[in-house]
Amino acid sequence: MIDLTGGMASRPTVPSVENAGVVCVRRRSTNCHFFVTPYIASRGSAWCTRDDNQLTIAGLLGDTSRRDRDYRDGMDRTLNGPRILRLWARYALLAAAATSVLPNALAQETPLLSGGISFFTNTSRGYTTYLPLTEPLLAAPVGKHLMIESRAALLESFLPRGNGMSGYDHSYTAALTYVQGDYIASRHATVVAGSYLVPFGTYNERLSPVWINNLQDGPFIANLPFMATGLGGELRGSALSNGRYSIDYAGFFSARSDNEQFNAMRSSGGRVDLYLPQERLEAGFSYGRLLQGTRENFYGVHLWWEPEKTALRLRSEYARGAHAEGYWIEADYRSQAFGGLDSFVGRFEPVFRIQQTFRIDNLATDGLPSTDTQRPEIGIDYNLPHNARILTSYSRQFSSAGDHNIWETGIVYRFLFPAWKGHSK
């Protein structure tokens, strides 16, 4: 079940299913517990959009995306100006239409159009960059056991020319983030085939969507090789679940591809998560092996905690490759003491993140900074009604290559509605 009425930032408070507008999308396991907003899964529902872990936002259903910095890689396909403007206008109209469609979208099994529309600014070393971004998603059930998912990114960049030159350079790109089919083989296993997001660590699958991430930038370690998309297959699901704990798994194999829309590296690996529902604590281990060029191993661990009856979230992740390692720790909080989360004060969301990377050797070919780097970051987000958020943050980056400040602002709107009118059940 997908909550169509909740805000964009997930909270520990779960509204009642009876009062929420929901759309049913078949997904993975039948052993579903209640999940933190913005999504709701009811016990006993035929199909659920998530694993059994309340802290997991593992959704191939649309809470996934590649990072902004990756949109200019080999997957990018340049569009002409009028074409991208027409695409922007089309998605804006679809988002505006959502408010009139949602009230009639109860308990339908029909393709969903979802995604986010955003406008970001980034100021560093005296230069400001402007980044309008649209991320549309299609999730289409086909029968009782199959779902087709696809996600794209439409990005425009206005970059200062620098070198004493005035004005801005303008570029625009469009790329498929992933396109895959999910076959639900049993209540404990889903087979995935196509171009998918690699299940290593937590950021890539859970936090990178433009409408979910609390901060504009992703962590450094999310740029390790092969950690964006794979081309091949996955096997994932819930291995075991009861009232005391649950164990989820995801394994993958990716072939090598130089196709501009489906670029991937030959690799394999997976992730195992242990979730304790009473403590609302999750711990997981990830492993990946690069199977082309120089064979390399990658290891990762993560720890998430959401204390019960609070709006505090603590997330952390560590990853190590052959040439570098790093970690990030993030905390965010919303006060319920002044009229609840929907009050003026309750909509403010302070965010803090600290991240560091350490070089093991000088072969800086792994996507991480070429020198040891530290970046503390403080942000204040404001959760507007109707699935919109304002993001602001300040960070300072420390490294032997030079220290500098980074100021970022942005506004994000989340849209989600059925592609067409379905049949109520």
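Readers should treat all values here as calculations from the given coordinates under stated rules, not as data from a laboratory. The model shown is predicted, which means the values in this text are computed figures rather than measured ones. Glycine gets a Cβ as well: all are built from the backbone with ideal geometry, and neighbour counts include every protein chain shown.
You can think of it this way: the chain between VAL142 and TYR130 has 0.4 nm of extra reach, that is 0.36 nm per residue less the Cα-Cα gap. Using R0 = 51 Å, the C-beta based FRET efficiency linking TYR168 and LEU276 works out to 0.50. The phi torsions of region 150-157, fed into the Karplus equation with coefficients 6.51, -1.76 and 1.60 and a -60° offset, translate into couplings of 8, 9, 9, 9, 10, 10, 10, 10 Hz, rounded to whole numbers, with Gly and Pro shown as x. Note on GLN261 and THR123: their simple-model spin labels are 4.0 nm apart, each label 7 Å out from Cα toward Cβ. At full extension, ARG289 and LEU314 could sit 6.2 nm farther apart than now, given 0.36 nm per residue minus the alpha carbon distance. Taking 0.36 nm per residue of separation and subtracting the Cα-Cα distance, full extension of the segment from TRP420 to ALA401 would add 1.5 nm.
In this simple spin-label model, placing a label point 7 Å from the Cα along the Cα-to-Cβ direction at both HIS386 and TYR183 gives a separation of 4.3 nm.
Between ASN242 and PHE338, the FRET efficiency estimated from the beta carbon spacing at R0 = 51 angstrom works out to 0.85. Restriction of the trypsin sites (Lys or Arg not before Pro) in region 230-282 to DSSP coil positions whose beta-carbon has at most 15 other beta-carbons within 10 angstrom yields ARG244, ARG256.
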